[in-house]
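Only one structure is covered here, and it is reproduced in the block below.
Read-outs throughout are calculated quantities, based only on the coordinates presented, and are distinct from any laboratory measurement. Every value quoted in this text rests on a predicted model; they were computed, and no experiment measured them. Here the Cβ is made from the backbone with ideal geometry for all residues, glycine too, and neighbour counts use every protein chain on show.
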Amino acid sequence: MSSIDTFEGRVAVVTGGASGIGRGIAEALIDTGATVVIADVNEDGAKATATEIGAIARSVDVTNIESVEALAQSVLDELGRVDIVVNNAGVGPLIEFEEVTLKDFRWVMDINFWGVVNGMKTFLPTLKANDNGGYIVNTASLAAVVPGPGTAAYGASKAAILSVSDTVAIELEADGTDNIGISVLMPAMVKSNITENARKRPGFDAKTDDTESFQVESRVLEAREVGDMVVDAIRSGNRYIFTHPETREAVAAHQADILAGFDQQ
Ligand SMILES: NC(=O)c1ccc[n+]([C@@H]2O[C@H](COP(=O)([O-])OP(=O)(O)OC[C@H]3O[C@@H](n4cnc5c(N)ncnc54)[C@H](O)[C@@H]3O)[C@@H](O)[C@H]2O)c1
């Protein structure tokens, strides 16, 4: 399992870093001594957050591969390297399947899933070219492994992030690449602007929105607490970062339901 123990001289890029969990991760990385770039579609938000926490701001739209490639180039031009990439930008409307529009579904997949694919496609070759490797953290969600009402689009996007992350990790291992780590962040509830931002989406319909109800009862963590967990995972090489131990039973119950399929044949 690959990990990073020295952060001095390392450069980290955190997408969706203007707000919420991305900001918490950026703050924790800055405290390690790394240089941190926060990249966000909310350019003013990124600038304001960067000033507050001591990061460098960039604008990016993670749904657009050219925009992500331009981000990578501008970081390489200014800082000369990238070591850690946190593909965290995401959106989270919770809408029942019969109510969710195809437009909403595509919006969620474009940002959450394609944003992560665009980030990995763009940055993985850069990390592989480093003498001392690098690390990728992809923000999924507990919803990737515990389905609940309203998670058809959101959960699908997060399960897809888990799948692509696992696949790339297996492929890197198979080709003998032992200096790139990959972690998948699986938070339950964390303080952020996810609800307000989901309501700004094109075609938002207050009648079908159920974004405030989450599927598993859990504590609401501060984003910075999650940031510290992410840094710990980069140090230890922990693949799956579960933020709320009390959600373990829900994960186990769903896995047990899947395994029960073997017993009914
Ligand atoms: N808050 C939670 O309880 C929770 C739980 C599980 C997973 N997550 C995940 O955590 C991640 C961060 O969400 P958050 O809760 O901090 O929400 P947030 O809304 O506070 O932050 C998300 C950030 O992503 C940015 N963003 C949105 N679309 C973008 C795009 N196309 N390109 C670049 N940036 C974009 C937003 O401007 C915002 O700054 C998301 O992937 C979310 O699904 C959150």
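Values computed for the structure shown
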{"item": "Choice from VAL60, VAL100, VAL85 showing the highest fluctuation, given a GNM over the chain with Cα pairs closer than 10 Å", "result": "VAL100"}
{"item": "Neighbour-count ranking [beta-carbon atoms within 10 angstrom, fewest first] of SER163, SER2, SER192", "result": "SER163, SER2, SER192"}
{"item": "Per-q log10 I(q)/I(0), the chain, q = 0.08, 0.09, 0.14, 0.15 Å⁻¹ (Debye; single scatterer per alpha-carbon; no solvent)", "result": "-0.30, -0.38, -0.93, -1.07"}
{"item": "Candidates ALA12, ALA188, ALA206, ranked by Gaussian network fluctuation over the chain, Cα under 10 Å, top entry", "result": "ALA206"}
{"item": "VAL137 long-range amide H proximity, modeled H, under 5 Å", "result": "VAL85, VAL86, ASN87, SER183"}
{"item": "Pairs from LYS47/LYS128; LYS121/LYS158; LYS103/LYS207 whose Cα-Cα separation, in the structure shown, is over 20 Å", "result": "LYS47/LYS128"}
{"item": "Selected from LYS200, LYS103, LYS121 as most flexible by GNM, with the chain as the system and alpha-carbon contacts under 10 Å", "result": "LYS200"}
{"item": "Region 1-152: Cα Rg divided by the 2.2 N^0.38 Å rule of thumb", "result": "1.06"}
{"item": "Amide H contacts under 5 Å for ILE180, placed H, 5+ residues apart", "result": "GLY134"}
{"item": "Region 5-20-region 99-164 distance, computed between alpha-carbon centres (Å)", "result": "18"}
